[in-house]
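The values are calculated or read from the model by the stated rules, or taken from the named source; none is laboratory data. As the structure is a prediction and not an experimental result, all values here were calculated from the model. Quick reminder, even Gly has a Cβ in these numbers, built from the backbone with ideal geometry, and neighbours come from all protein chains shown. Surface areas here come from the heavy atoms of the whole protein model, side chains and all, with no ligands, DNA or RNA. Shrake-Rupley method; radii C 1.70, N 1.55, O 1.52, S 1.80 Å.
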Amino acid sequence: MSDRYFQLITFDLDDTLWPIAPVINKAEHTSWQWLCEHYPRIGNHFDQQRLVDLRMRLMQSSHLQHRISAIRLQAVSQALRLSGYLPAVAERGAHDAFEVFLHARHEVAFFDDALSALETLAEHYTLGVLSNGNACIHRLGLGHLFDFAYAAEHFQASKPDPAMFVAALQRTRCPPHKAIHVGDHPDYDIAPARRLGMRTVWMNIEQQPWPDAPPPDREARTIAELLESITAFEHRAA
């Protein structure tokens, strides 16, 4: 890679490289409209909020914990069956609706300079993704920048569980003190990375107050400040 002191930088995705709320809201609305158009009986028994409530109940099932894609599929399949569609029809409809959701879910608007920053960092470091979400780096056009992408549903464990962090360190044979994690969530990103001995950058583009918890090594309110943080780590290590 390079003669840099740090070897690995792992990234969260949602609300770290792009704002997620508008993306999910649009994706859910788009997939709901698609369902109402292609399976109109669902509108006689459900509305969008009731479908969300069903999904929230399924999240409590032990066999579905951390599997957000499977939860979405099962929620729609159940809703279609409860609306009078045959199981095979409901299953097919759920998968088709999920593809509609996924397409819209990947129509993200990156934070300013995020893509150029990733390209710069990829020239000097191994980059990886550690996400509780179901965004796909290849569908996002980021596959050439990241060496790997780990998601909670593949590990059956969501951050702040350390499983993904540990797997990233083991995969790259990188000692924790030579790794940096970048994320927006104090509990899900910063805390577990700190406990393992990784350096941490809190992406705080929304400029939220830090909670009553051990602080990150650096705070970045813009992508430019993220790059400055990485440079500062290198200078401190030199």
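The table for this structure:
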quantity: Only listed residue being open to solvent by 10 Å² or more (accessible area, probe 1.4 Å) and in a helix (DSSP H, G or I), chosen from 124, 138, 103; calculated: 103
quantity: Complete set of residues in the stretch 40-51 that are open to solvent by 30 Å² or more (accessible area, probe 1.4 Å) and under 16 Å from residue 28 (Cβ atoms); calculated: 43, 47, 48, 49, 50
quantity: Some residue of the stretch 61-80 being over 26 Å from residue 139 (Cβ atoms), open to solvent by 80 Å² or more (accessible area, probe 1.4 Å) and small (Gly, Ala, Ser); calculated: yes
quantity: Test for residue 12: is it within 30 Å of residue 113 (Cα to Cα) and touching a residue at least 40 places away in the same chain (Cβ under 8 Å); calculated: yes
quantity: Residue list for the stretch 143-162, filter: in a loop (DSSP other than H, G, I, E, B) and out of contact with any Cys (no Cβ under 9 Å at 6 or more places or on another chain); calculated: 144, 145, 146, 147, 156, 157, 158, 159, 160, 161, 162
quantity: Any chance residue 4 is charged (D, E, K, R), open to solvent by 60 Å² or more (accessible area, probe 1.4 Å), modelled with pLDDT under 95 and closer than 17 Å to residue 133 by Cα; calculated: no
quantity: Flag if residue 114 is open to solvent by less than 30 Å² (accessible area, probe 1.4 Å) and touching a helix residue (DSSP H, G or I) at 6+ places or on another chain (Cβ under 8 Å); calculated: yes
quantity: Subset of the stretch 163-182 [surrounded by 18 or more Cβ atoms within 10 Å (Cβ to Cβ) and not in a helix (DSSP H, G or I)]; calculated: 174, 179, 180, 181, 182
quantity: Subset of the stretch 192-236 [open to solvent by less than 60 Å² (accessible area, probe 1.4 Å), in contact with a strand residue (DSSP E or B) (Cβ under 9 Å, 6 or more places away or on another chain) and assigned to a helix (DSSP H, G or I)]; calculated: 192, 193, 196, 223, 226, 227, 229, 230, 232, 233
quantity: Single residue of the stretch 82-97 satisfying the filter (out of contact with any Ser or Thr (no Cβ under 7 Å at 6 or more places or on another chain) and open to solvent by less than 50 Å² (accessible area, probe 1.4 Å)) that is nearest to residue 203 (Cα to Cα); calculated: 93
quantity: Residue check, residue 150 in contact with a Ser or Thr (Cβ under 8 Å, 6 or more places away or on another chain), open to solvent by less than 50 Å² (accessible area, probe 1.4 Å) and of a type in the set (Ser, Thr, Tyr); calculated: yes
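Let's see how each residue does on (1) closer than 22 Å to residue 151 by Cα; (2) in contact with a Phe, Trp or Tyr (Cβ under 9 Å, 6 or more places away or on another chain); (3) at pLDDT below 95:
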site: 20; (1), (2), (3): yes, no, no
site: 29; (1), (2), (3): no, no, no
site: 37; (1), (2), (3): no, no, no
site: 60; (1), (2), (3): yes, no, yes
site: 63; (1), (2), (3): yes, no, yes
